[in-house]
Amino acid sequence: MGLLSAMVKKDLKVLFRDKVTVFFTFGFPLLFAAFFGAIFSSGGGNSGMSVAVTDLDLTTESAAFIQRMDDSSSLQVAAMPENEAREATRKGKKVAYIILPKGFGPAYASLFSGGSPSLIVGVDPSRKAEAAMLEGVLMKMGVERFQNAFSDTDSLLSMLDDTILSVESNDQMPAEWRSLLGEYLPQIKDLTAAENQSQKDAEESGNDVSTGTGIADAMTPLKLDFEDVMISREGPKNGYAVTIPQAMYWAILGVVMGFSVALVQEKTMGTMTRLVAAPISRMQILGGKALGCFFALFLVMTVLFIFARFVFEVPIDYPLKVLLALLSVSIGFVGIMMFIAAVGKTQRGISSLGWGIMMIFAMFGGAMIPLFAMPDWMKSLSDFSPAKWAILSFEGATWRNFSYPELLLPCGIMLVLGVACFLAGSRLIKLEN
Amino acid sequence: MIRLDAVSKRFGDLLAVNALTLNIREGEIFGLLGPNGAGKSTIISMISGQQQLTSGTLQVGGFQPDSKASKRLIGVAPQAIAVYEDLSAIDNLEFFGSLYSMRRAELKQRCTEMLEFVGLTDRARERVEKYSGGMKRRLNLAITLIHDPQVLLLDEPTVGVDPQSRNSLFDNILALKKRGKTILYTTHHMEEAERLCDRVGILDQGSLLALDTVENLIDEHGGASHLSATTATGVVDRDTHQPVVDLQEILSKHTGIRDLKLQRPELEKVFLNLTGRQLRD
Ligand SMILES: Nc1ncnc2c1ncn2[C@@H]1O[C@H](COP(=O)(O)OP(=O)(O)O)[C@@H](O)[C@H]1O
Ligand SMILES: [Mg+2]
């Protein structure tokens, strides 16, 4: 153990004394996470709150109401079937779902009779602030219903006709109420008709008359039935939750390149001669390297996770899962490091081949474009990139909230890949010049 | 101590070492003198177990060259300086020492001694990067000695070194001989071989051309000495194989001799006579 710990200590010292490596293992990943995380986190606010809407009523009124929501700058509306709308909110893809139930249209159309129109609303409980805002927006639109009704007197007149008829034919209404309304409503109608005439005159003479706001405030514009939403979140909590696993990959890239170059440098510097001349086996030399690389990866990623938790406030609810991901991803890339060192042979070969491979892994593995934002063709290619499985391990251990069996897939792939690459690499690699 | 019997090494078509038979005795400084490409480094890497022999047998202290036992006996100073430039001298020494399963206290002690031995104590904690070529060479030697090996393989240990560091390295090597170490020293500088080595093997294109003490090599292959005398009448000079006889003759024939010079041939001449070429081109 003394031998291995000496080798690890030496390798870590050599690695982190190189300023370029330190930049690529800590500086660049942190910049990456901070920069893109900030962009993702502030996004969404500008284009309006994203909600799912389901129209079960299918009347002109319900269609018009949805259209008005869509026109509103504070909402971004996607129409979808009821179950999809609920699912989208559960998974955090939408802030809320709004269902227009059967009967919405008639209730919306009649101002003074029947109940006020109701909406079924379900809101992502983790987005309380946005929910409050949504409620405000919907109520405002309900109030607008009255304003529209009163500012469009012709529709108000026809609405009053309907209402008078329905009052007369309503048997359940107490007699006093019926007689009161029977007297009252026709008077309102007459007044409205007269005002309609004077308004038309005024419009002809160029005067602007606004009407009806006083009455609108007195009534309940809209009833909102809130439903509880059970979340099964698949969306990240904040932008950094996405960029930190990506940043991990960039840090991994820094360490892997640093170590594979350092391994070949031992040959060019001649220090490998001393290692080979010492009474230790080839496997001990390679094992020492692998262990050093493992510790470097583990260390760098742990530091990044600490940053993620305490600086970027990425929730880490399952530290054990994170640990499992860290271990398996470290092992995976130790193997890849060994393989790159063996195949690249020279420092120049490793630099070009290593960077090339690792960048392609990054592109298709979600270190540049997040996995969930990839087009489908790219998603299927990403299966071949170890970067994907590394990032998925970290996402699974954090915001994707994988169960242990689910986590086993990406972590297992990393482990198997690591062992296979290490065995192949350590066979191929030449220590002697 | 080091025994080579008909050792050959082939790289493809090139026969780098050709049926070399050699016995380096315990406690001697054995010089391998030859031009670049003669096969010196290849011989060292076979002795230290880094390269396989193509044919022949080789033993170090009775052990196979790639065995752990023989690796423990040997300390190699590679021709190219082999140190971690990003680390300090003391880090380098401690790391390489740890490859030989030394106990911690013993290792620390050795580090201090070796730094003292090569005169790097003052700058032990500085990064090697900042060292001069001579300092790096001295560290290269110190690392070779860290596990107190019995056999030293020093491959051109003075290349790229200022005269001061060179003298200090010579002193080190002679001190090591006094401590009973067996030393194989390769060089293409005949002065170094003359100054340090008990016996010298002359190597060219993988073949050993001659092997003896410097004195004997010169006697046998050096050719004539050069004798010159300045007399009242002029300069008398001649090449001779019997300088004493010739000197007596000159003294008896001439009077009023103002200057006398007797120059023995150097190893350079030995090489020239053996190969028809200069050692340094
Ligand atoms: N690994 C190798 N592969 C091929 N040729 C080599 C190798 N090592 C040395 N040689 C060749 O073997 C010959 C002897 O080299 P070397 O032992 O380094 O000579 P020296 O140390 O005396 O200068 C040279 O011609 C050199 O080019
Ligand atoms: Mg050489």
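The values are calculated or read from the model by the stated rules, or taken from the named source; none is laboratory data. Just so it is clear, the structure is predicted and the values come from calculations on it, not from any experiment. Every residue, glycine among them, receives a Cβ derived from its backbone with ideal geometry; neighbour counts consider all protein chains shown. The protein model used for the area step is the full one, side chains on, heavy atoms only, and it has no ligands, DNA or RNA in it. Shrake-Rupley method; radii C 1.70, N 1.55, O 1.52, S 1.80 Å.
Do we have residue A:339 as in a helix (DSSP H, G or I) and open to solvent by 50 Å² or more (accessible area, probe 1.4 Å) here? Give the derivation first.
Numbers: in a helix (DSSP H, G or I): yes; open to solvent by 50 Å² or more (accessible area, probe 1.4 Å): yes.
When the stated conditions are applied, residue A:339 passes them.
Among the residues of the stretch B:12-39, write down those that are within 8 Å of ligand 1 (Cβ to nearest atom) and part of a loop (DSSP other than H, G, I, E, B).
B:12, B:34, B:35, B:36, B:37, B:38, B:39
Tell me, which residue of the stretch B:125-134 that is in a helix (DSSP H, G or I) and either outside the structural domain of residue B:174 (by TED's automatic domain parsing) or open to solvent by 20 Å² or more (accessible area, probe 1.4 Å) (or both) is farthest from residue A:14 (Cα to Cα)? Please lay out each step first, then the result.
Filtering the stretch B:125-134 down to residues in a helix (DSSP H, G or I) leaves B:128-130, B:133-134.
Restricting the remaining residues to those that are either outside the structural domain of residue B:174 (by TED's automatic domain parsing) or open to solvent by 20 Å² or more (accessible area, probe 1.4 Å) (or both) gives B:129-130, B:133.
Values: B:129: 12, B:130: 15, B:133: 21 Å.
Step by step, filter the stretch B:125-134, then rank; the result is B:133.
Would you call residue A:25 in contact with an Asp or Glu (Cβ under 6 Å, 6 or more places away or on another chain) and away from chain B (no Cβ under 14 Å)? Step through it out loud before you land on a result.
Working: in contact with an Asp or Glu (Cβ under 6 Å, 6 or more places away or on another chain): no; away from chain B (no Cβ under 14 Å): yes.
Against the criterion (in contact with an Asp or Glu (Cβ under 6 Å, 6 or more places away or on another chain) and away from chain B (no Cβ under 14 Å)), residue A:25 does not qualify.
Within the stretch B:77-90, can you find the residues that are within 16 Å of ligand 2 (Cβ to nearest atom) and not in a strand (DSSP E or B)?
Within the stretch B:77-90, the subset within 16 Å of ligand 2 (Cβ to nearest atom) is B:77-82.
Residues satisfying the conditions are B:78, B:79, B:80, B:81, B:82.
Considering only the stretch A:382-400, I want to know if a residue exists there that is β-branched (Val, Ile, Thr) and touching a Lys or Arg at 6+ places or on another chain (Cβ under 9 Å).
Kept after step one, since they are β-branched (Val, Ile, Thr), are these residues of the stretch A:382-400: A:391, A:398.
Keeping just the survivors that are touching a Lys or Arg at 6+ places or on another chain (Cβ under 9 Å) gives A:398.
Scanning the stretch A:382-400, I find at least one residue that is β-branched (Val, Ile, Thr) and touching a Lys or Arg at 6+ places or on another chain (Cβ under 9 Å), so the answer is yes.
If you scan the stretch B:40-70, which residues turn out to be away from ligand 1 (no atom under 12 Å from the Cβ) and in contact with a Gly (Cβ under 6 Å, 6 or more places away or on another chain)?
Hits for the stretch B:40-70 are B:65, B:66.
If I filter the stretch A:39-78 down to residues being farther than 18 Å from residue A:117 by Cβ and hydrophobic (A, V, I, L, M, F, W, C), which single residue comes out as modelled with the lowest pLDDT? Show your work before the answer.
Residues of the stretch A:39-78 farther than 18 Å from residue A:117 by Cβ: A:39-50, A:52, A:71, A:73-74, A:76, A:78.
In the following step, the residues that additionally are hydrophobic (A, V, I, L, M, F, W, C) were identified as A:39-40, A:49, A:52, A:78.
Details: A:39: 73, A:40: 69, A:49: 79, A:52: 91, A:78: 90.
Only one residue tops the list, namely A:40.
Could you look through the stretch B:17-38, keep only residues that are small (Gly, Ala, Ser) and open to solvent by less than 10 Å² (accessible area, probe 1.4 Å), and pick out the one that is farthest from residue B:211 (Cα to Cα)? Reasoning before the result, please.
At the first step, the residues of the stretch B:17-38 found to be small (Gly, Ala, Ser) are B:19, B:27, B:31, B:34, B:37-38.
Those left that are additionally open to solvent by less than 10 Å² (accessible area, probe 1.4 Å): B:31, B:34, B:38.
Values: B:31: 9, B:34: 12, B:38: 15 Å.
Ranking the qualifying residues of the stretch B:17-38, first place goes to B:38.
Take residue B:4 and tell me if it is of a type outside the set (D, E, K, R), near ligand 1 (Cβ under 7 Å from one of its atoms) and over 21 Å from residue B:271 (Cα atoms). Write out each step before concluding.
Working: of a type outside the set (D, E, K, R): yes; near ligand 1 (Cβ under 7 Å from one of its atoms): no; over 21 Å from residue B:271 (Cα atoms): yes.
So residue B:4 does not fit the description; no.
Checking residue B:9 against (1) open to solvent by less than 10 Å² (accessible area, probe 1.4 Å); (2) within 16 Å of ligand 1 (Cβ to nearest atom); (3) within 14 Å of chain A (Cβ to nearest Cβ); (4) not in a helix (DSSP H, G or I), which single condition isn't satisfied?
Here residue B:9 meets the rest and fails (1).
What are the residue pairs meeting all of these: first residue in the stretch B:35-53, first residue more than 9 Å from chain A (Cβ to nearest Cβ) and more than 10 Å from ligand 2 (Cβ to nearest atom), second residue open to solvent by 40 Å² or more (accessible area, probe 1.4 Å) and of a type in the set (A, V, I, L, M, F, W, C), Cβ atoms under 6 Å, and 6 or more apart or on different chains?
Pairs found: B:46/B:53.
Filter the stretch A:174-205 down to the residues that are modelled with pLDDT under 60 and over 53 Å from the mean Cα position of the chain (by Cα), then identify the one that is nearest to residue A:143 (Cα to Cα).
A:202
Taking the condition of being under 17 Å from residue A:6 (Cβ atoms) and over 25 Å from the mean Cα position of the chain (by Cα), how many residues in the stretch B:71-99 meet it?
Of the residues in the stretch B:71-99, 9 are under 17 Å from residue A:6 (Cβ atoms) and over 25 Å from the mean Cα position of the chain (by Cα).
Yes/no per residue for (1) in contact (Cβ under 8 Å) with a residue 60 or more places away in the chain; (2) under 26 Å from residue A:270 (Cβ atoms); (3) within 16 Å of ligand 1 (Cβ to nearest atom); (4) not assigned by TED's automatic domain parsing to the domain that holds residue B:21:
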| residue | (1), (2), (3), (4) |
| --- | --- |
| B:123 | no, yes, no, no |
| B:159 | yes, yes, yes, no |
| B:163 | no, yes, no, no |
| B:176 | no, yes, no, no |
| B:185 | yes, yes, yes, no |
| B:188 | yes, yes, yes, no |
| B:198 | yes, no, no, no |
| B:207 | yes, no, yes, no |
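How many residues does the stretch B:79-90 contain that are of a type outside the set (A, V, I, L, M, F, W, C), within 7 Å of chain A (Cβ to nearest Cβ) and either open to solvent by 10 Å² or more (accessible area, probe 1.4 Å) or touching a residue at least 60 places away in the same chain (Cβ under 8 Å) (or both)? It would help to see each step written out before you state the result.
Taking the stretch B:79-90 and keeping what is of a type outside the set (A, V, I, L, M, F, W, C), we get B:79, B:84-86, B:88.
Then drop every residue that is not within 7 Å of chain A (Cβ to nearest Cβ), which leaves B:84, B:86.
Imposing the further condition that a residue be either open to solvent by 10 Å² or more (accessible area, probe 1.4 Å) or touching a residue at least 60 places away in the same chain (Cβ under 8 Å) (or both) reduces the set to B:86.
Counting residues in the stretch B:79-90 that are of a type outside the set (A, V, I, L, M, F, W, C), within 7 Å of chain A (Cβ to nearest Cβ) and either open to solvent by 10 Å² or more (accessible area, probe 1.4 Å) or touching a residue at least 60 places away in the same chain (Cβ under 8 Å) (or both) gives 1.
Within the stretch B:135-164, how many residues turn out to be in a helix (DSSP H, G or I) and either aliphatic (A, V, I, L, M) or crowded, with 23+ Cβ neighbours inside 10 Å (or both)? Spell out the reasoning first.
We begin by selecting, within the stretch B:135-164, every residue in a helix (DSSP H, G or I); these are B:135-145, B:163-164.
Cutting the leftovers down to either aliphatic (A, V, I, L, M) or crowded, with 23+ Cβ neighbours inside 10 Å (or both) gives us B:135, B:137-145.
The qualifying residues number 10.
For the stretch B:68-76, does any single residue satisfy the condition of being of a type in the set (Ser, Thr, Tyr) and either open to solvent by 10 Å² or more (accessible area, probe 1.4 Å) or not in a helix (DSSP H, G or I) (or both)? Break it down stepwise before answering.
If we filter the stretch B:68-76 for residues that are of a type in the set (Ser, Thr, Tyr), which is where we start, we get B:70.
Among the residues that remain, those that are also either open to solvent by 10 Å² or more (accessible area, probe 1.4 Å) or not in a helix (DSSP H, G or I) (or both) are: none.
No, there is no match, as no residue in the stretch B:68-76 is of a type in the set (Ser, Thr, Tyr) and either open to solvent by 10 Å² or more (accessible area, probe 1.4 Å) or not in a helix (DSSP H, G or I) (or both).
Find the residue count for the stretch B:91-122, including only residues that are within 14 Å of chain A (Cβ to nearest Cβ), in a helix (DSSP H, G or I) and hydroxyl-bearing (Ser, Thr, Tyr).
Within the stretch B:91-122, the subset within 14 Å of chain A (Cβ to nearest Cβ) is B:91-108, B:111.
In the following step, the residues that additionally are in a helix (DSSP H, G or I) were identified as B:91-98, B:104-108, B:111.
If we keep only those that are hydroxyl-bearing (Ser, Thr, Tyr) too, we end up with B:98.
Residues flagged as within 14 Å of chain A (Cβ to nearest Cβ), in a helix (DSSP H, G or I) and hydroxyl-bearing (Ser, Thr, Tyr) within the stretch B:91-122 amount to 1.
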